[in-house]
Every structure is written in C-alpha cells, then in structure tokens.
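Peer 1: Below is the structure I would like to discuss, written out as structure tokens.
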Amino acid sequence: MPEPLSIRIATPTDIPVLIELIRGLAEYEKLTHLVTADDALLERELFAPKSNAEAVLGFAGGVAIGFAVYFHNFSTFLGRKGLYLEDLFIRPEHRKHGYGRALLLHVARIAHQRGCGRFEWMALDWNEPAIRFYKALGAVEMPEWRLFRVTGEALARLAAES
C-alpha cells in the first residue's frame, strides 16, 4: 500500500526541492535544454510579494514526490478569472498510486473555492498517458486551439517594433 499523500503550499525553503522536481519534469518531457530556472529566479518570481504564480508540493513518507504550479488567468467571454495549471509532476517511481490525481484535484478545489470560471492546462501531444488520465477525469481536449509563443530574442525584437 502506498504512503498517504500530504499536500502543502510551497515556501521559499522548498526552492531546492522545487528545482529538483522541475528538472525531473524537464527530463520526462525531454526539454532539459529549456530549463533556466534557478534558486534566485524562483525566489523572485514564485515567492515575491506580488507573484502571480503559486506552487504546492506533495509528500509521501516525508519525501517530496511531486508538485503543481498554477496561476490565475482571465476569460473575457466568461467575465471571470480562471486557474491555469502550468505544471503537474510526480516522480516516475511514485506514479500509478493516485498521487497525480490527488494533486490535480487539490488544485481543482482551489479553482472552485476561488470562484474561477474554468480550470485549464496543456499536455504535450505525445504524452498519451497524461492525455488519457486527464480525459478520464472529465477534461475536454480543445484541438481547435493552438498555442503561440514568443520568447528570448524574438520577444525582444517584437517588443522593439513600432
């Protein structure tokens, strides 16, 4: 029987374990080359007084086995804020015990308690286990929507345009 999961809000003292879990997520998604987060950045961006992002950690047997990072967005159609799940990760050796479901449900409850009009997230198109998991929870895939992103030098050039 797996250890019960306890979930709590992450604090600045959790930065080292958050970095470790972020790297674990990047390895799983084959995106380690994109990780630039470090202790100082997380301190400033996740735990500063006006931070828009929040994080929770999941513990089993006293060990951090996963995390979720989320933030509010806004739906102009609904006229209400929503909650966006940026990342959800459970260490591979702790999967298949309901921990990911428990973390996702925890964040869904936060969205509901805060009066959010919707709760959203994305999954990589190759991540079939995650897609099946999300659909089994009642999530609806939005295939007609495409994500667009501008980062780094492209963002700097775009910002400089007149």
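The values are calculated or read from the model by the stated rules, or taken from the named source; none is laboratory data. On a predicted model such as this, the values are computed, not experimentally measured, just so you know. Quick reminder, even Gly has a Cβ in these numbers, built from the backbone with ideal geometry, and neighbours come from all protein chains shown.
Peer 1: Here are some conditions: (1) touching a Leu at 6+ places or on another chain (Cβ under 8 Å); (2) closer than 22 Å to Arg114 by Cβ. Pro49 meets all but one. Which one does it not meet?
Peer 2: For Pro49, the exception is condition (1).
Peer 1: Oh, and also: How many residues does segment 67-111 hold that are of a type in the set (D, E, K, R), out of contact with any strand residue (DSSP E or B) (no Cβ under 8 Å at 6 or more places or on another chain) and not in a helix (DSSP H, G or I)?
Peer 2: 2
Peer 1: Tell me which residues, restricted to segment 10-33, are in contact with a helix residue (DSSP H, G or I) (Cβ under 9 Å, 6 or more places away or on another chain) and not in a helix (DSSP H, G or I).
Peer 2: Result: Ala10, Thr11, Leu31.
Peer 1: Within the set of pairs 6+ apart or on separate chains, which have a first residue in segment 1-18 that is charged (D, E, K, R), a second that is in a strand (DSSP E or B), and C-beta atoms under 7 Å apart?
Peer 2: As it stands, the answer is Glu3/Ala60; Arg8/Val56; Arg8/Leu57; Asp14/Leu57, since those pairs meet every condition given.
Peer 1: Cβ-Cβ below 6 Å, separation at least six or inter-chain, first residue in segment 43-68 and closer than 16 Å to Ala102 by Cβ, second at pLDDT below 95 and of a type outside the set (Ser, Thr, Tyr): which pairs?
Peer 2: Ala60/Glu3; Gly61/Glu3
Peer 1: Is there any pair with a first residue in segment 94-113 that is in contact (Cβ under 8 Å) with a residue 40 or more places away in the chain and a second that is not hydrophobic (A, V, I, L, M, F, W, C) whose Cβ atoms are under 6 Å apart and which are 6 or more apart or on different chains, and what are they?
Peer 2: Sorted first by the residue in segment 94-113, then by its partner, the pairs are His97/Pro2; Tyr99/Gly58; Tyr99/Gly66; Leu103/Gly58; Leu103/Gly66; Val107/Tyr70.
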